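Reading through the structure tokens given below for one structure.
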Amino acid sequence: MALSLRHRLWLLVPALLGLAVLSGGLMALQSVHQIVRNTPPVHLEQPQSVTVVASNGELLRPFTTVGGYWRIPVELEEVDPRLITFLLAYEDRRFFDHDGIDRRAMLRAAFQLLTNGRVISGASTLSMQAARLLSDETTRTLAGKIQQIVQAKRLEEQLSKQEILTLYLNHAPYGGNLEGVRAASWAYFGKEPAWLNLAEIALLIALPQAPETRRPDRFTDRAMSARKRVLQRLETAGLISPEDAKRAAAAPIPYQRKHFPMLAPHVAQELRGVDEPDLVIETTIDYALQASLEKHITQRSAGLGKGFSIAALVVDHQTGAIKASVGGPGLLSGNAAAHLNMIRAVRSPGSTLKPLIYGLGFEAGIAHPNTLVDDRPAAFADYVPENFNTGFHGTMTISEALQLSLNIPAIAVLDKVDPHRLASRLRRAGAAPRFPDSARPGLAMGLGGVGLTLEELVRLYGALAGQGSALELKIRPDVNVSSSAARVLSVSATDLLVKSMLQTSQHKQSGLAGPVYKTGTSYGYRDAWTIGFDGRHVVGMWVGRPDNAPAGHITGATAALPIFMDVFARLESHPHPALNGDALLANVDLPVHLKRFGQNNGTGNAVASARPVIAFPPADASLQVRADGAVALKVRGGSAPFTWLADGRPVASRALRRESSFRPSGPGFSTLTVIDAKGRTDQVSVRLTE
């Protein structure tokens with residue numbers, strides 16, 4: 001129904017009053033300029049999202065404000081220039097010409113209201129809208145509108161036009177808890193506002209006018225109609241072609257919000273947790289490498305089965321900068337333990353300490369890579385180690401013993417260099433070795449009987465890569481790494497060790513310049529490791545179950561090494577300098593005391609056997625039956641042949657071998673017993689699950 005002339009005049013009163021304020025005075029007592037001068041500055045400080053960014057500035061992870069809003073800061077140069085051009089054309093064509101109040105627009109709006117009986121167009125400038133976004137005052141009353149006008153002019157005195165435009169782009173509402181064009185761009189399109197297409201730009205211009213009723217994730221049709229009106233206005237203004245407008249209007253509308261970036265989530269959470277974090281937290285993370293590894297590791301973890309996790313750490317050992325940090329599968333992967341940062345988890349390092357053990361032997365002058373050592377049954381006081389495969393290999397060089405990761409030779413060297421020295425050097429490397437029940441360092445730590453984290457092992461191998469000096473890690477680019485690092489190993493011993501490790505590298509054997517690495521598997525197959533380095537990077541890889549349950553038959557070589565190699569395939573190759581160094585002395589050229597280890601010091605006592613001990617499964621373990629329905633069995637010590645019993649009943653086994661298996665009748669608790677040739681026994685209870 002058409003409005004009466006009297007009603008139209010009444011509707012015009014607020015506009016006419018506003019025009020009077022803008023034109024020349026307020027109640028003839030003081031000018032608008034005097035009101036503005038007496039008005040306190042507009043409060044510009046609004047909570048913004050803390051963002052964590054990669055070394056190239058790309059967004060790793062944003063966080064909501066205390067109030068729960070996504071308000072991700074953005075600068076003008078980080079926004080598609082077309083969005084700014086089109087926004088000004090649609091909202092405020094004379095933005096750079098007026099002083100916060102567009103009097104011509106206000107006159108036009110008043111005339112349209114008078115002649116049409118309804119609001120045809122608004123007269124709010126971007127300055128007025130920015131002022132409103134920073135204030136809790138309503139603009140639906142005359143007093144509120146006057147206050148908005150005054151604050152807009154005050155804002156014009158405080159800030160430049162570019163700063164006001166930036167203010168608007170950071171605070172414009174886009175529905176729900178989205179404020180600012182950058183938050184909206186990520187939530188609706190999954191990308192930065194610098195990479196928008198025409199349809200996306202038009203939608204972002206339309207939404208702030210009615211952010212709740214035009215939300216594309218709730219009101220798709222309304223959002224599409226509002227976008228179409230923006231495109232029509234831009235076409236009429238000659239800013240876009242009819243063809244472009246038609247294509248953009250037909251583009252699909254995002255019907256649901258996307259997840260915000262969540263790369264390096266554990267690192268970001270830790271940096272966000274400091275008392276007063278910077279608004280933008282810069283890191284040393286390589287964005288492309290981090291994104292690639294997270295995707296790869298999430299896929300690999302899923303392939304291992306339920307309950308498994310993978311962690312990786314990549315460090316530039318020349319600077320200490322962390323280039324990639326993956327504490328587990330992505331937080332959005334559905335993995336129940338994804339929130340755990342396994343880079344910081346204390347685990348058994350398996351055989352990964354053997355290089356340092358041999359390095360200490362080189363430093364002490366009691367061994368050399370080409371020193372001959374015996375791999376035979378030996379007892380060291382009450383400690384009787386066995387090799388991982390339970391066999392013995394006779395006499396070989398220390399380099400070969402390291403290549404085969406044999407336990408007896410490593411423990412023989414550790415027995416001479418002293419476990420306390422090994423623990424001390426680990427501390428120098430920045431590690432904090434943990435021992436069970438506050439025990440003192442013993443020979444068992446050489447085979448994994450000590451608790452360390454992946455981060456600590458990476459620091460240790462970083463020291464080995466850097467001529468023996470401790471490596472200080474950094475995640476913030478503005479942190480200076482200490483130049484007076486502690487010495488983990490002497491330069492000469494480190495050089496011998498790296499040359500020895502290079503001899504064991506499959507890449508060296510094939511004539512290729514690959515990384516130097518060591519694999520490791522902890523007791524009970526709970527942890528699989530590969531740690532290594534080239535001339536620039538040190539990489540640590542862990543595979544296992546965060547709940548510390550036995551993980552089947554995964555090993556460092558089968559589970560961790562392939563992923564380790566995948567990581568290095570993503571890095572630029574940097575051969576280690578030792579590849580071009582002097583060759584190692586042959587055994588025949590060594591001094592007499594280095595030709596054969598322990599020939600004059602009685603290292604170890606040969607033993608025919610010790611009592612049998614069930615090495616797998618461990619006591620009280622909860623483990624899944626293998627896909628073939630079998631459960632692995634393994635015994636160390638004792639004398640063959642061996643007899644295995646499950647709940648008192650004999651099971652078929654290879655009596656002369658130390659590894660066997662049996663097929664249980666079903667899930668539940670089971671008691672396993674082994675009897676050796678001399679009648680000695682060991683027994684464990686386990687829980688079997690499907």
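Every condition in (1) in a loop (DSSP other than H, G, I, E, B); (2) at pLDDT 95 or above holds for R229 except the one numbered (1).
Test A444 against the criterion of being modelled with pLDDT under 95 and buried (at least 23 other Cβ atoms within 10 Å of the Cβ), and give yes or no. For A444, the condition - modelled with pLDDT under 95 and buried (at least 23 other Cβ atoms within 10 Å of the Cβ) - is not met. Looking at the range 284-389, what strands (runs of 3 or more DSSP E) fall wholly within it and have at least 1 residues that are over 18 Å from T521 (Cα atoms), in the same structural domain as A429 (by TED's automatic domain parsing) and at pLDDT 90 or above? In the range 284-389, the matching strands (runs of 3 or more DSSP E) lie at 372-375.
For (1) closer than 16 Å to P355 by Cα; (2) buried (at least 21 other Cβ atoms within 10 Å of the Cβ), each residue gets a yes or a no:
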residue	(1), (2)
G430	no, no
R434	no, no
A439	no, no
V450	yes, yes
L460	yes, yes
L471	no, yes
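Of the helices (runs of 4 or more DSSP H) lying entirely inside the range 451-522, the ones with 3 or more residues being under 24 Å from the mean Cα position of the chain (by Cα) and at pLDDT 95 or above are found at 454-465. Only one entry of T85, T65 meets the criterion of being modelled with pLDDT under 95, of a type in the set (S, T, N, Q) and surrounded by fewer than 18 Cβ atoms within 10 Å (Cβ to Cβ), and that entry is T65. Based on this model, can you work out whether I240 counts as at pLDDT 95 or above, of a type in the set (V, I, T) and over 22 Å from R570 (Cα atoms)? It is true that I240 is at pLDDT 95 or above, of a type in the set (V, I, T) and over 22 Å from R570 (Cα atoms).
Do you know which residues across the range 545-556 are of a type in the set (G, A, S) and at negative phi? Passing the criteria: A549, A551, G556. Selection of the range 190-224 for residues being in a helix (DSSP H, G or I) and of a type in the set (D, E, K, R) yields E200, D221, R222. If you go through the range 647-683 and keep only what is over 13 Å from K634 (Cα atoms), exposed (fewer than 14 other Cβ atoms within 10 Å of the Cβ) and small (G, A, S), you end up with G648, A652, S665, G666, G668, G679.
Examine the range 307-315 for a residue that is of a type in the set (S, T, Y) and either under 11 Å from the mean Cα position of the chain (by Cα) or crowded, with 23+ Cβ neighbours inside 10 Å (or both), and state whether such a residue exists.
Yes; the residues of the range 307-315 include at least one that is of a type in the set (S, T, Y) and either under 11 Å from the mean Cα position of the chain (by Cα) or crowded, with 23+ Cβ neighbours inside 10 Å (or both).
Residues of the range 278-300 that are closer than 26 Å to Y174 by Cα and not acidic (D, E): L279, V280, I281. On the basis of being among the small types (G, A, S), at pLDDT below 75 and over 24 Å from R545 (Cα atoms), does G602 make the cut? The answer is yes for G602.
Scanning the range 404-440 for residues that are at pLDDT 90 or above, farther than 19 Å from L594 by Cα and assigned to a helix (DSSP H, G or I) gives N407, P419, H420, R421, L422, A423, S424, R425, L426, R427, R428.
For K191, the conditions (1) without any contact (Cβ under 8 Å) to a residue 40 or more places away in the chain; (2) farther than 30 Å from P477 by Cα all hold with the exception of (2). Of everything listed in (1) more than 16 Å from F564 (Cα to Cα); (2) surrounded by fewer than 24 Cβ atoms within 10 Å (Cβ to Cβ), the single unmet condition for L353 is (2). Name every residue in the range 393-433 that is hydrophobic (A, V, I, L, M, F, W, C) and over 15 Å from M445 (Cα atoms), in order of residue number. Matches in the range 393-433: M396, I398, A401, L402, L404, A429.
Taking the residues in the range 283-306 that are without any contact (Cβ under 8 Å) to a residue 40 or more places away in the chain and of a type in the set (A, V, I, L, M, F, W, C) as candidates, determine which candidate is surrounded by the most Cβ atoms within 10 Å (Cβ to Cβ). If we take residues in the range 283-306 being without any contact (Cβ under 8 Å) to a residue 40 or more places away in the chain and of a type in the set (A, V, I, L, M, F, W, C), then A291 is surrounded by the most Cβ atoms within 10 Å (Cβ to Cβ). The condition of being hydrophobic (A, V, I, L, M, F, W, C) and farther than 20 Å from G524 by Cα holds for only one of V674, V625, V651, V635, that being V651. If the condition is being crowded, with 23+ Cβ neighbours inside 10 Å and touching a residue at least 60 places away in the same chain (Cβ under 8 Å), then the range 168-185 contributes L169, L178, E179, G180, V181, R182, A183. Of the set (1) assigned to a loop (DSSP other than H, G, I, E, B); (2) among the small types (G, A, S); (3) touching a residue at least 40 places away in the same chain (Cβ under 8 Å), all apply to A655 but (3). Within the range 70-91, restricting attention to residues that are of a type in the set (D, E, K, R) and more than 24 Å from L279 (Cα to Cα), the residue that is nearest to the chain's Cα centre (by Cα) is R82.
The values are calculated or read from the model by the stated rules, or taken from the named source; none is laboratory data. This structure is a prediction, so every number in the text was calculated from the model and none was measured. All Cβ positions, glycine included, derive from the backbone under ideal geometry; neighbour counts span all protein chains shown.
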